[in-house]
Amino acid sequence: MALRELPGIALITGAGSGIGRDSAFAFAAAGVRGILLTDINLSTAEQTLAECRKHATNPSFRAVALKCDVRQPEQVDQMITRCVAEFGRIDYGVHCAGIGRQTLSVMTEASTAASLQEYDLLYSVNVKGTLLVLGALCKQMATQESRIVTGRNGPRNVGRGSIVCLSSGNGYVAEPNKGAYTTMKHAIMAIMKTAALENAALGIRVNALCPAWTETPMHQRDTVLLPMTAPMIEKYTPLGRTAMPEEVGDTIVFLCSDSASYITGTGLMIDGGVSLSLHVG
Ligand SMILES: NC(=O)c1ccc[n+]([C@@H]2O[C@H](COP(=O)([O-])OP(=O)(O)OC[C@H]3O[C@@H](n4cnc5c(N)ncnc54)[C@H](O)[C@@H]3O)[C@@H](O)[C@H]2O)c1
């Protein structure tokens, strides 16, 4: 068996759109036995479910869609309980639910009602949601048996489970008119690192992905808010384009796979090289 094949069970938040949706297809194609697809918008999670079946390679593949608002602790706990009831365990926990910037406000407007509202909203979904989902996943994974795989150099313990959450290039760098989002994405890195450190001895890996611009509905909304985004990406990104969702989804699958069994606490940039240089002309 190739180490990249994933035979276990995945749980995905934000599975109704964009990166979460594509990572569901990537997990189905990688051979998982089951996926719990969750989103605040149940109908979009159900659409992902229907399409997932077309990508599945495991003959026993089964998926279930569930409504879950990641801001609500009871709903997050119910999501974990449902996944374990349906499939017995959670091997790969993927937290994609999130929201993007709502306005083009700047720091000097921080005390205005609209700006504070944006900070509160982004905090509740992006930060509190990440804390709740990662906490609940780690708690469940800690109760599971570790797995041993045999690689080219003999057997090794690949642990009890792997978690990937979505930060952003804004988890490393700042950007004008994006203060609230940047703040939340830095906070997600702190939650990820804490979870990785506190759960390493239990054999639970926790990592973040830090994509730059990825072709999803969130990115489309952002380009409406700031039309100069598209020409800017083309000009300043060394690879000259945005990422396709599968370039992020496939990396999520890699980080969850046994091939990545020594990677934990990392914020992995997927940015077409945009963070390589200070050269902007
Ligand atoms: N698209 C990009 O350019 C980009 C770049 C860097 C990071 N990211 C991050 O990747 C993640 C996914 O973004 P995307 O581009 O796929 O966005 P998207 O808007 O296409 O999908 C986000 C999903 O999250 C769901 N969601 C929103 N609030 C929720 C809540 N409270 N509870 C549960 N589900 C909720 C939405 O319904 C939607 O299905 C986000 O954290 C985003 O910040 C995206």
Dividing the helical contributions, -39500 (n - 2.57) per DSSP H run of n ≥ 4, by the residues of the chain yields a 222 nm value, nearest 500 deg cm²/dmol, of -13000 deg cm²/dmol
Top of 166, 37, 104 by mean-square fluctuation, Gaussian network on the chain, Cα under 10 Å: 104
Give the angle, between 0 and 90 degrees and rounded to the nearest 10, that separates the Cα long axis of helix 113-122 from the longest principal axis of the Cα atoms of the chain. 20 degrees
Of all accessible heavy-atom area on the chain, the percent that carbon and sulfur account for (1.4 Å): 58 percent
Computed FRET efficiency, Cβ-Cβ of residue 139 and residue 275, R0 30 Å: what is it to the nearest 0.05? 0.35
If one compares the long axis through the Cα atoms of helix 42-55 with the longest principal axis of the Cα atoms of the chain, the angle in degrees, nearest 10, works out at 60 degrees
Keeping every protein chain present and rolling a 1.4 Å probe, give me the accessible area per residue for the chain in Å². 47 Å²
With a 1.4 Å probe and all protein chains kept in place, how do 204, 263 rank by accessible area, largest first? 263, 204
Under 5 Å, built H, 5+ apart or other chain: amide partners of residue 161: 205
Just how much of residue 77 is accessible, in Å², when a 1.4 Å probe is used and the result is rounded to the nearest 10? 90 Å²
Label-point gap, in nm, between residue 228 and residue 198 - each point 7 angstrom along Cα→Cβ: 4.2 nm
I need the calculated FRET efficiency for the pair residue 153 and residue 60, taking r as the beta carbon distance and R₀ as 25 Å, to the nearest 0.05. 0.25
Compare the peptides 122-128, 171-177 by average per-residue count of other Cβ atoms within 10 angstrom and give them in order, highest first. 122-128, 171-177
Dipole magnitude of the chain, debye to nearest 20 (Cβ charges: Lys/Arg +1, Asp/Glu -1, about Cα centre): 580 debye
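Treat every Asp and Glu Cβ in the range 84-154 as -1 and every Lys and Arg Cβ as +1, leave all other atoms uncharged, and give the resulting dipole magnitude about the Cα centre to the nearest 20 debye.
With Lys and Arg at +1 and Asp and Glu at -1, about 320 debye.
The values are calculated or read from the model by the stated rules, or taken from the named source; none is laboratory data. Source: prediction; values computed, not measured. For neighbour counting, all protein chains shown are included, and Cβ atoms are generated from backbone atoms with ideal geometry for every residue, glycine included. Quick note on the areas: whole protein, heavy atoms, side chains included, nothing else; ligands and nucleic acids left out. Shrake-Rupley method; radii C 1.70, N 1.55, O 1.52, S 1.80 Å.
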